[in-house]
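Here is the structure we will look at.
The values are calculated or read from the model by the stated rules, or taken from the named source; none is laboratory data. Values in this document were obtained by computation on a predicted structure and should not be read as measured data. Positions of Cβ are backbone-derived with ideal geometry, glycine not excepted, and every protein chain shown enters the neighbour counts.
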Amino acid sequence: MANLNKINLADLKLIPNLLTLSRLILTPIIAYFLWKGDGQGILICAILLTVAGITDFLDGFFARRLNQITPLGKVLDPLVDKIFTIVIIVELILFRDFPFWLALMIIGRDLLIVILGTLLLRGRKVDLQSNITGKYYFGATAILLGCYVINFEFGQLLFTIITLALWALSSFFYGKRFFDIKADHISEGFKDRRSYKLIRIAITLIISVIFLYRFYFDLITNWL
């Protein structure tokens, strides 16, 4: 979490931060088409979620490319991601029967990270950035929400399991990081070895093949 004393609201006009804020603008539009619930609405929701995912990539890309990495951006990006996720989950509870217990787990984790980050890291010059499991967790959660948007039952089951596993892992690493910072312990952080990357790539490819196979036969063939 960036040092709040250095945040400059004028940085809101920078391209990376505008892209970040655009995700919040999409939430009421997604809610409207979820409420419609017809085939066209589902398609538009899927497109809007894809656009949100693209902006999540582009804000970081442009921040690095344009040398516009700012304290505001470091706070705004994860905060907007959490708000976006929470709002979409509430909309899915209302319009797609998203499991309430799963919503509590996802929203509770995000709120706890924000609260602990505010209380424990106040006044400390520390960047609490997402760890690798946190990034995978956010990606899995986004796909899970998308599966509920398009009513893809197999994807809902598969990514509920994956999301819960990454929820536990990322929460553990966040908790460890919080305690290390609170104890003024300088942690070396996670060392991402080549073997770990290869394992992640292999698992991701296997899951992707299974997901796309079922997606094609469960949904695409019915649409054609």
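General remarks:
- Sub-6 Å Cβ pairs linking a first residue in the stretch 170-196 that is modelled with pLDDT of 65 or more to a second residue that is surrounded by 13 or more Cβ atoms within 10 Å (Cβ to Cβ) and among the small types (Gly, Ala, Ser), at least 6 apart or interchain, are SER170/GLY134, ordered by first then second residue.
- Among the residues listed as THR163, THR133, THR85, the single one being crowded, with 18+ Cβ neighbours inside 10 Å, more than 22 Å from THR55 (Cβ to Cβ) and either of a type in the set (S, T, N, Q) or at pLDDT 85 or above (or both): THR133
- Flag for PHE98 being modelled with pLDDT of 85 or more, of a type in the set (Phe, Trp, Tyr) and outside any helix (DSSP H, G or I): yes
- Among the candidates LEU72, LEU104, residue that is assigned to a helix (DSSP H, G or I) and either without any contact (Cβ under 8 Å) to a residue 60 or more places away in the chain or over 30 Å from GLY175 (Cα atoms) (or both): LEU104
- Selection of the stretch 23-41 for residues being surrounded by fewer than 17 Cβ atoms within 10 Å (Cβ to Cβ) and in contact (Cβ under 8 Å) with a residue 12 or more places away in the chain yields LEU24, ILE29, TRP35, GLY37.
- LEU144 being among the hydrophobic types (A, V, I, L, M, F, W, C), modelled with pLDDT of 90 or more and within 17 Å of ASP110 (Cβ to Cβ): yes
- Restricting the stretch 45-93 to residues that are out of contact with any Gly (no Cβ under 8 Å at 6 or more places or on another chain) and of a type in the set (D, E, K, R), the residue that is nearest to THR27 (Cα to Cα) is GLU91.
- Residue in the stretch 35-56 that is of a type outside the set (A, V, I, L, M, F, W, C), part of a helix (DSSP H, G or I), modelled with pLDDT under 80 and farther than 22 Å from PHE98 by Cβ present: no
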